[in-house]
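For reference, the structure discussed in these notes is given below.
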Amino acid sequence: MTLLLDTHVWIWSQEEPVVLHSRARKAIDDRSNDCAVSVISEMEIARLAVRSKITLGVSVEEWIQRTITVLGASEIEIGRAIAMEAYRLPGEFHKDPADRILVATARIHGMTLVSADERLLRYRHVNSISAKR
């Protein structure tokens, strides 16, 4: 299974793993699963760091590169298919463009989204694992 880590799950997995539900932590740690992160999450992490909402201890670029290596994760670019899918999602979905891109990415690539965001976890048109404790 390929796991797409929501932005906060990516941060928690590296900075505060005890915050993650044990099922999510086990799935991330299970080397038979592949992990992936979206470029939109990289942008969100940069935004959080610039606004002093998170402190990483190293530059954003270094943190991203280091944690991708630790996770053995792949980076998923945002191409036309994901951009179009983000605004063709079936059913009701909220307006947050980053969440739309994450869900579209998971759907296009057949990934399981790991999130603690209740709105994403309730969305029935994407496979997900709850990271909520």
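Read-outs throughout are calculated quantities, based only on the coordinates presented, and are distinct from any laboratory measurement. In this text the structure is predicted, and so the values were computed from the model without any measurement. Here the Cβ positions follow ideal geometry from the backbone for every residue, glycine too, while neighbour counts run over all protein chains shown.
Details
- Simple label model, 7 Å out from Cα along Cβ direction - residue 98 to residue 70, nm: 1.9 nm
- Local net charge near residue 63, Cβ-Cβ under 11 Å (Lys/Arg +1, Asp/Glu -1): -3
- Protection proxy ranking of 42-53, 100-111, by the mean of other Cβ atoms within 10 Å over each peptide's residues and highest first, is 100-111, 42-53.
- Max mean-square fluctuation residue, GNM over the chain, Cα-Cα springs under 10 Å, options 30, 117, 96: 96
- Charge-dipole axis of the stretch 1-128 as Lys and Arg at +1 and Asp and Glu at -1 on Cβ define it, positive-most pick from 40, 12, 112: 112
- For the stretch 87-133, radius of gyration divided by Kirkwood radius, i.e. Rg to Rh on alpha-carbons: 0.92
- R0 of 25 Å, Cβ-Cβ distance residue 46-residue 23: FRET efficiency to nearest 0.05: 0.30
- For the chain, projected area of the alpha-carbon convex hull averaged over all directions, nm²: 7.6 nm²
- A straight Cα-to-Cα reach below 17 Å connects residue 26 with the lysines 132, residues fewer than 8 places away in its own chain not being considered.
- Length-normalised contact order of the chain in % [C-alpha pairs under 8 Å, at least 6 apart]: 34 percent
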